[in-house]
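These notes concern the structure reproduced below.
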Amino acid sequence: MPHAPLPAPALHAARNGLPLLFSIAHAGREYPNWLTAAAHDGRAALEPLEDPLVDRLAWRALAAGFGAVVALAPRAMIDCNRAEDDLDPALVEGAPPAPAEGRARTGLGLIPSRTARHGPLWRRRLSRADVDARLDQAHRPFHATIETGLAALHARHGTALLLDLHSMPSRPGQAQIVVGDRHGTTAGPWVAVLAMRIAAGCGFTVAHNAPFAGGHIVARHGRPDGGVHALQVEIDRATYCQRDGRTPGPGFERVAHLIAALAQGLGEAVAGVEALAAE
């Protein structure tokens with residue numbers, strides 16, 4: 001790729017002795033000039049793909065010593081919550097057909113190709129070398145850092161929990177918090193139940209696996225049979241953003257408290273279950 005290297009993920013080291021790690025894949029805001037120049041409508045077409053400010057929402061939990069892996073490359077550049085083969089074949093020269101179950105069919109694959117509002121995003125197709133460079137510099141380091149962090153927690157505690165944070169557009173009738181475990185496959189059933197109980201106790205409306213059951217991150221890293229659990233948490237943007245969907249609103253600190261409460265409650269519970277099992 002004839003561009004400057006992409007930003008590697010940021011790692012916030014765990015410091016508090018609890019076996020919980022955050023992942024934040026869609027909050028990257030580092031848009032190089034070459035990326036915005038390649039978009040039909042510039043940066044304005046790319047920013048709506050973000051989960052705005054989710055990395056900043058986690059500040060209380062990070063201050064309390066929880067670890068996190070945060071993608072700095074924007075989702076428009078590469079989506080770390082998509083599998084490597086989930087590519088829109090119309091976007092990449094010589095790409096094989098898109099997977100039948102992939103999000104690439106809707107334009108929201110590994111490299112987003114179109115949105116409902118802006119239509120096709122890019123002025124030209126990408127080469128396979130372009131895609132491989134983005135994978136090598138951003139996507140693969142993101143997942144490798146998660147794997148290393150979870151392995152360290154598991155080695156220390158005998159268990160680990162990945163809490164994968166996202167945000168979602170506000171829709172009528174939708175719960176404010178959606179907890180996803182891919183229908184019980186990425187975490188023990190009690191983990192999602194406890195997460196929903198904590199969120200409800202903080203005054204939020206909560207749903208389980210609907211409309212979001214969890215993406216590639218929790219599917220890849222959750223191994224509940226091996227003691228590694230993974231939950232996706234979707235947060236309604238109206239709970240923490242202004243009406244513009246990009247700046248902090250009056251509920252920002254309330255959601256920051258929720259994230260810290262989820263980390264503390266789930267981290268203590270996962271550690272406690274492992275301690276009981278070891279007795």
### Query
Using heavy-atom solvent-accessible surface (probe 1.4 Å) with all chains present, what is the largest-first order of W34, W59, W122?
W59, W34, W122
#### Entry: Largest to smallest accessible area among E234, E84 [probe 1.4 Å]
E84, E234
#### Entry: Difference of contour (0.36 nm per residue) and Cα-Cα distance, R29 to E147
40.1 nm
### Summary
Heads up, the chain by the C-alpha gyration tensor (a ≥ b ≥ c square roots of eigenvalues; a/c under 1.5 rounded, else a/b over b/c prolate, else oblate) looks prolate
## Note on the structure
Counting only protein heavy atoms and leaving out ligands, DNA and RNA, the solvent-accessible surface of H208 at a 1.4 Å probe, in Å² to the nearest 10, equals 80 Å²
### Query
Does segment 83-125 classify as rounded, prolate or oblate by the C-alpha gyration tensor (a ≥ b ≥ c root eigenvalues; a/c under 1.5 gives rounded; else a/b over b/c gives prolate, otherwise oblate)?
oblate
### Summary
For the chain, longest principal axis from Cα atoms; helix 252-278 axis from its Cα atoms; angle between them, nearest 10 degrees, is 60 degrees
## Note on the structure
The simple spin-label model distance between D41 and A129, using points 7 Å out along Cα→Cβ, in nm, is 3.2 nm
### Peptides 85-91, 223-229 ordered by average Cβ neighbours within 10 Å, highest first
85-91, 223-229
### Task
Just check segment 120-279 against the gyration tensor rule for me: Cα atoms, a ≥ b ≥ c as the square roots of the eigenvalues, rounded for a/c under 1.5, and otherwise prolate or oblate depending on whether a/b exceeds b/c.
oblate
## Note on the structure
Check: C-alpha center segment 100-151 vs C-alpha center segment 27-78, spacing in Å is 13 Å
#### Entry: DSSP loop trypsin sites (Lys or Arg not before Pro) with at most 16 other Cβ within 10 Å excluded, longest remaining stretch of the chain
126-242
### Query
Which angle from 0 to 90°, rounded to the nearest 10, does the C-alpha axis of helix 189-201 make with the longest principal axis of the chain?
90 degrees
### Message
Helix 140-157 against the longest principal axis of the chain: what's the angle in degrees, Cα atoms only, rounded to the nearest 10?
### Response
10 degrees
### Task
Estimate the FRET efficiency between R156 and R254 by the formula 1/(1 + (r/R0)^6), using the beta-carbon distance for r and 35 Å for R0, to the nearest 0.05.
0.65
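The values are calculated or read from the model by the stated rules, or taken from the named source; none is laboratory data. In this text, all values refer to a predicted model and were calculated from it rather than measured experimentally. Every residue, glycine as well, gets a Cβ built from its backbone with ideal geometry; the counts of neighbours run over all protein chains shown. Note: areas computed on protein heavy atoms with side chains; ligands, DNA, RNA excluded. Shrake-Rupley method; radii C 1.70, N 1.55, O 1.52, S 1.80 Å.
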